[in-house]
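Just so it is clear, none of the values below were taken in a lab; they were calculated from the coordinates. Given the structure is predicted, the values throughout are model-derived calculations rather than measurements. Heads up, the Cβs are rebuilt from the backbone with ideal geometry, glycines too, and the neighbour counts pull from every protein chain shown.
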Amino acid sequence: MYVDHGADLFRYLARRVGRDQAEDLLADAFRSAIESYDRFDPSRGSERVWLYGIASNVLRHHWRREQRHLTALQRIGGQSATTVDPLLTVPDRVDAESSSARLLQAVAALDPTDREVLLLRCWENLSSSDVAVALDMTPGAVRTRLHRVRAELRAAIDNTNHPDRRTP
Amino acid sequence: MSELRAVRRLRPDIEPLDDASFERIWSDVAGTSASDPNPTWSTEFDREQTFDIGAPPNTPRRHRALTAAAAALVLVGVGAVMGIRSLVDGPDPTVPAAQPPPAPASDDSGPLPPATVGEHVLVLPADSVEPTYVQRNAALPHRTRGLVSAPDGSTLSINLFENFWGELPAEMDQRDIGGLTWATTVEDTNRGYVTVDECTMLSVNAGPNGAAWDTDAVALMNSVRFTPDSITIDLPDGWQTIDVGPVGAWYSMSFDPGIEGSPDVTLTQMPGSNAGPLLADFAGRPVTAITIDGSPGWQVPLDNDGWTQTVWQNDSGSMMLTSKGLDPGRIDQLLTQLSPATASDWDTRYSDQDAGADSSIADPVCEPATLRGPSQGT
């Protein structure tokens, strides 16, 4: 199971935190999966989806740790302490004024759970039902969140397409 | 462009983790090696898996016909284009699995038409309906799958995998049944049995939580015969073939059916193929015979929340709909909203959002001369 799905999980994690940290998080996810395997319920979904849920939790814990670390640094050095998915901050490879950059900004600004729903759906190609299982929510909640996300992103895209509506 | 499609386009490409790194990670976590000296075994091949078919193998391998004979006769021809039809008797929707409905009037024992560009072999929703998920998958040229039912209505799947090489690992629980050596495994709680011969693997799957060497499974295994040219499954009395067929290319999409109260549905179409490959995932589940759009079909409950899988077969091929709360009448209503289309139409409309086939699983190439040693190959 781990060999079969490890490649997908690694890509998922690497898309969110970069390759180096993804290796550590993949190990964390495997460790968590081994420890909790007796709680895996095949009637709720496949092992692959279950592993995505674990990896998503690992990501969330990772960012909490990062946030605490940055907060501590802020106390020491007065630095700003905010953190989001590193790959969702506007990357250097795109023009900050481009539609891609604006869309990424909009994705980064989403509620964290909404963002997770969106990226599991769009980047990992999980079905809405699988996303629901992975994130322990109902399929209806996933659809509601996706509907909301689409509206928010649509507004961002509209802003991109209408320069006069762009925020400074 | 839709919002979701736009986000999809921003997905970063990630190079795969190299084997050495994976091995190191796994060893750190589990304290054991992830590498396995034996060939990988899978008793239930996930439909989501696809194979990189690439160039056809030119190494020696043996094609054989798979024949499942009983009151319902199924014949599989093996070749570039394969097709089958179930020849079964009257429907009784009250009897799960055991009494599939009759074949459509246009049906005969001839092969279904292959899926080719230019023919109307698909159905698609209106242009205004934007799918939330789209994926097209390549055919699996060496695979035949299907579902059979025991006299008590329980279902088991059979999976023929040609161009397969390997041997049953000694540590597996093995028994000799009907002159063949079978081994049993459990994956994702699914009980499976496998037997191998030169370049061929056949598996029988009993579904979730099946007991090892269950009476029905043993009876089915006991009906299997390998000959140099064919594999025959002479089903015992009271057994029926629900459907068996080669695994063709398939097209999946999720979309809003426009029916009040219904969440998104997922429609999977396998043009030019029988329903067997779609039904094979339902081993161990109750299968109810129904009629969809005037064609023979089957329905399988997925959970207690009203989600069901509905599979049917018509002149163009087979289809499967994942839906919640849609009875056959409402599915018929949904189908009236779909329009005939070609594979080219699919590409034109959805190529930019197609999740694409997973090519990470290579189609194995059987090399019996190498496997068996020089004395076998020269």
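Going by how many other beta carbons lie within 10 Å of each one, how would you line up A:F10, B:F226, fewest first?
Arranged by neighbour count, lowest to highest, A:F10, B:F226 become B:F226, A:F10.
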- Counting other beta carbons within 10 Å of each Cβ, put B:D188, B:D13 in order, fewest first. B:D13, B:D188
- Query: Restricting attention to the alpha-carbon atoms of segment B:213-287, what are Rg (one decimal) and Dmax (integer), both in Å?
  - Reply: 17.4, 56
- Note on the structure: Mean other chain Cβ within 10 Å across A:117-124 is 4
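Semi-axes of the equivalent ellipsoid for segment B:198-354, please: Cα gyration tensor eigenvalues, times 5, square-rooted, ordered largest first, whole Å. Intermediate values should be presented prior to the final figure.
Working: eigenvalues 202, 80, 39 Å².
Ellipsoid half-lengths, sorted descending, are 32, 20, 14 Å.
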- Provide A:S99, A:S129, B:S351 in ascending order of the number of other Cβ atoms located within 10 Å of each residue's Cβ, fewest first. B:S351, A:S99, A:S129
- For segment B:259-279 and segment B:134-152, write down the distance between their C-alpha centroids in whole Å. 13 Å
- A:D38 and B:N222 label points (each 7 Å along its Cα→Cβ direction) are spaced in nm at 3.8 nm
- Taking every residue in A:30-42, how many Cβ atoms of other protein chains lie within 10 Å of its Cβ, on average? 2
